[in-house]
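See below for the structure under consideration.
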Amino acid sequence: MNHVNSHSSLNSLNEWLFYLESIHATEIDMGLERISLVAKRLNISLANSKVITVAGTNGKGTTCAFIENALLANGHTVAVYSSPHIEIFNERLRINKALIDDKSLISAFTLIEQTRGEISLTYYEYTTLAALMICQQTSPDVVILEVGLGGRLDATNFIDCDIAVITTIDLDHQNFLGNDRVSIGLEKAGIVRAGKPVIIGDPNFPEQVLQFCLAAKSKPVQRNVDFFIDTFERSKEPQKNQPLEQQVTWQWRTDNLTLGPLPKTHIPQDNVALGLAVLQQLNVALTLANVSDYIAATKVPGRTEVINEQPLVVLDVGHNPHAARYLAKFVTQQNKAKIYAVTAMLADKDINSTLAELIESVDYWYTGNLDISRAASADLMSKTLKDLGKHCNSFDNIIDAYRMALDNANNNDMILVFGSFFTVAKIKQSLF
């Protein structure tokens, strides 16, 4: 059967996405050969845009969003390609903050299908090509590419970046990237390019990975070497006419610039600091006033996203030990009476180590099944928590788990929903 004639006339985005899920033998099949060949046939080039490629274990999406907001505020046109999405596929590509429309995606998919010939593409390779085709057509000033997995062999890496960014290095996706921070870091550092800056946000960047970046003739700009965060103790008394939660707590500095005191961030402070280092490389003028505006403007769905105040309900897609450590600190800072955790994770994640990071911070645990094949069962989640010394309330589905937590929590309590993009998506869908 001729796949071009059969599928190049699919009418809806959902039909295309269903088709793309079926055309390659495995969901994850890392490598650049297939996508590079098809990209060459399509003559894909982002030569008219400055390209920023962002890799790392955690913090990629929030770093991209902060850079995006700052560039837009300075009059630049900006495209951001990221994955996975939370609610709808169109979230994966936004141009000047507007989600890409179905028609543009379908047109790109159709052309790829007519061009790829005998080459089999994964879902992610296919959708990456479509996003890059649209970026080429719209030609924004800056294209920000969030790496999906690793870096060296990620589908985005056939594009040469002008600035490479590495947020953090920690344990995740060990089946694909290696079992230690050095191995994982070397995979992520595969995005660096000779003569181009690599902005490094991890304050404990492995020396072997730094040496790799230097051997590749990239130009490292490092946290705690080239830029710094200074944290101040928050005053117990509010400043005049300023609520306590809005008080300044930190500053960002380099050898020739100090910005501060800066307001509390909605996203991790580390990612704001990293974004500022990227903006400096782009020669964006940084002042206390405009940086404070960028901080205020940057809120990212599914990243410590507040959806209710009493009780405080926070959604976070965190799904590995590094993210859980951040959430444990975040939970403590909220100073709530009781903490309820609602969680479901994928079976291929380090469930034990992730939950262990939050054990001391959470009072009550709730879990439920996700209706996807990759998910860990509620029984497995409950058993893991029992082995960690905690009782867990288990439900047939994660929505019932969330609703029970909501019923039991008081106004001065907090409910933390975390564990995967799928978990956050299910809860968000249940709100409507």
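The values are calculated or read from the model by the stated rules, or taken from the named source; none is laboratory data. These numbers were taken from a predicted model, which means no experiment stands behind them. Backbone-built Cβ (ideal geometry, glycine too); neighbour counts: all protein chains shown. Ligands, DNA and RNA are stripped out before the accessible areas are found, and what is left, the full protein with its side chains, is counted by its heavy atoms. Shrake-Rupley method; radii C 1.70, N 1.55, O 1.52, S 1.80 Å.
In table form, for the structure just shown:
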{"item": "Within the range 248-275, tally of residues that are surrounded by 15 or more Cβ atoms within 10 Å (Cβ to Cβ) and outside any strand (DSSP E or B)", "result": "16"}
{"item": "Count of the range 276-291 residues which are over 14 Å from VAL221 (Cβ atoms), open to solvent by less than 60 Å² (accessible area, probe 1.4 Å) and of a type in the set (A, V, I, L, M)", "result": "3"}
{"item": "Subset of the range 292-314 [buried (at least 16 other Cβ atoms within 10 Å of the Cβ), of a type in the set (S, T, N, Q) and in contact (Cβ under 8 Å) with a residue 40 or more places away in the chain]", "result": "THR298"}
{"item": "Yes/no for LEU380 being under 25 Å from ASP170 (Cα atoms) and either open to solvent by 60 Å² or more (accessible area, probe 1.4 Å) or modelled with pLDDT of 95 or more (or both)", "result": "yes"}
{"item": "Failed criterion for HIS322 (all others in (1) in a loop (DSSP other than H, G, I, E, B); (2) modelled with pLDDT under 95 hold)", "result": "(1)"}
{"item": "Looking only at the range 359-373, and only at residues there that are touching a residue at least 40 places away in the same chain (Cβ under 8 Å) and part of a loop (DSSP other than H, G, I, E, B), the one that is surrounded by the most Cβ atoms within 10 Å (Cβ to Cβ)", "result": "LEU370"}
{"item": "Long-range neighbours under 7 Å by Cβ, at least six apart or interchain, first residue under 30 Å from ALA70 (Cβ atoms) and open to solvent by 50 Å² or more (accessible area, probe 1.4 Å) within the range 96-124, second of a type outside the set (Asp, Glu) and assigned to a loop (DSSP other than H, G, I, E, B)", "result": "ASN96/THR77"}
{"item": "Those helices (runs of 4 or more DSSP H) lying entirely in the range 1-66 with at least 2 residues among the aromatic types (Phe, Trp, Tyr) and either open to solvent by 80 Å² or more (accessible area, probe 1.4 Å) or modelled with pLDDT under 95 (or both)", "result": "13-20"}
{"item": "Positions within the range 91-140 being part of a helix (DSSP H, G or I), among the polar types (S, T, N, Q) and in contact with a helix residue (DSSP H, G or I) (Cβ under 7 Å, 6 or more places away or on another chain), in sequence order", "result": "SER104, GLN114, THR115, THR127, THR128"}
{"item": "Scope the range 245-287; condition touching a residue at least 12 places away in the same chain (Cβ under 8 Å), in contact with an Asp or Glu (Cβ under 9 Å, 6 or more places away or on another chain) and among the β-branched types (Val, Ile, Thr); matching residues", "result": "THR249, THR254"}
{"item": "Qualifying residue in the range 79-91 (condition: aliphatic (A, V, I, L, M), open to solvent by less than 20 Å² (accessible area, probe 1.4 Å) and farther than 23 Å from TYR294 by Cα)", "result": "yes"}
{"item": "In the range 46-78, the residues that are polar (S, T, N, Q), closer than 25 Å to ALA289 by Cβ and within 17 Å of the chain's Cα centre (by Cα)", "result": "THR62, THR63, ASN69"}
{"item": "Residue count for the range 131-172, restricted to those that are more than 17 Å from VAL192 (Cβ to Cβ) and in contact with a strand residue (DSSP E or B) (Cβ under 8 Å, 6 or more places away or on another chain)", "result": "9"}
